[in-house]
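First up is the structure itself, then whatever we jot down about it.
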Amino acid sequence: SGIRDMSVIEEAPRDRHPVQTYVLEHDEAVLAEAIRRELRRGGQVYYLHNDVATIERVTERVREKVPEAKVGFGHGKMSEQQLSEVWRRLIEQEIDVLVCTTIIETGVDVPNVNTLIIDNADRMGLAQLHQIRGRVGRSSRRAYAYLTFKRNKVLSEVAQKRLTAIRQFTEFGSGFKIAMRDMEIRGAGNILGGEQHGHMQAVGYDMYLHLLSDAVKNAKGEKVRGYGEECLVDVQVPAHIPESYIPDLSQRLDIYRRIADVRTREDAMDVTDELIDRFGDPPESVDGLLRVALLRNRASQLGIREIRQQDSTLFLYRDAFDMKRVGALIAAMRGRVMLNAGAKPYVSVRLLPGQTPLAALEETLGLLSGEKTSPPAAKKQSRGQPSRNSV
């Protein structure tokens, strides 16, 4: 399809001002004062809380903190008639503060709304934050945006980069700069052509970024990692994200990508915390996916290239094994371990009755890494027939 032509609009509309943007920990006193300041000049406020399950609770909280304000709420699960009534009340200034989800992202133009508050802004994409910020400042008045995150929360490196970028790029004409910064943070799509998204293509997105990153490193003369270090884990465990848990396909694929990037327990805890906040307690199959991601990374660090399960036996393939470590493994798992030193060396580990493959792998990798690990208690297999997943 060829490389696309591009133009950049840099001239601001007449009498418009850049949106003054703040990034801060959630502070009810600061936000209440921001709302009051907007009300004092006769304006209105968007309070974006992107969680339908708790939006009414947040609405009540805003009413408590700013009792003089007329507060309403709106979200995508409301009927068309209900939403139409909400917009009518907002436009006719019967609502001072609208607590809402990301439904305001497109198709909304209310010039009198000039203060924006976003809860958990660290969970949103950079382009999305820029798009939502554009919902205010649509008149000659100075607009304000408050991007908040939970108190005492340690932000991930990616979240810090996103919030820093949205705070820095506030001038008109910054859209292109934000798009470029977003591409730096997330990686690009198809370099030659129009494809920006897909279904199965997105599952291969992680590998594409690795290839692109390595090509850049190679051009800079930096060390490039070998792909032999990546371990394939193919075991009989429920390890997927059910559609019933995350119905939206794009969100589901994004979480798959996030889990594929998990390298440490802290990474896994961050993803789990986000899942609980956004979608509720994750089902067993999502926990399994996170555990597999951690085990895959740990196995890669030990030089294990492949882990497969056949019936009740696990096979761990490596070019060469540390015989001292294997000896410790054999001693700890009496009668359950065999070493094959043929053309394709492997260690086989037999599962205990009732033991899950993941529990056995955690025990095995712990011993191979030299940890003083005692065999865990046998866990019951999850209800339902386990499915075979290559991760």
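Derivation of every value follows stated rules applied to the coordinates shown; laboratory data play no part. What you are looking at is a predicted structure, and each value in this text was computed from that prediction instead of being measured. Using ideal geometry, Cβ is built from the backbone for each residue, glycine included, and neighbour counts are taken over all protein chains shown.
Annotations for the structure displayed:
- Full extension of the chain between Asn112 and Lys65 yields a length gain of 14.7 nm, computed as 0.36 nm times the residue separation minus the alpha carbon distance.
- Using C-alpha pairs below 8 Å separated by at least 6 residues, the relative contact order for region 253-306 is 41 percent.
- Highest mean packing first, where packing is the average number of other Cβ atoms within 10 Å per residue, the peptides 233-242, 70-79 line up as 233-242, 70-79.
- Above 18 Å, the calculated P(r) of region 20-184 contains 58 percent of its Cα-Cα pairs.
- Over region 227-390, relative contact order from alpha-carbon pairs under 8 Å, at least 6 apart, %: 29 percent
- A protection proxy built from the mean count of other Cβ atoms within 10 Å ranks the segments 250-260, 329-339, most packed first, as 250-260, 329-339.
- Long-range Cα-Cα pairs in region 227-390 (distance over 26 Å), rounded percent: 29 percent
- Annotation for region 111-165: trypsin sites (Lys or Arg not before Pro) lying in DSSP loop with at most 16 further Cβ atoms inside 10 Å of their Cβ are Arg142, Lys150, Arg151, Lys153.
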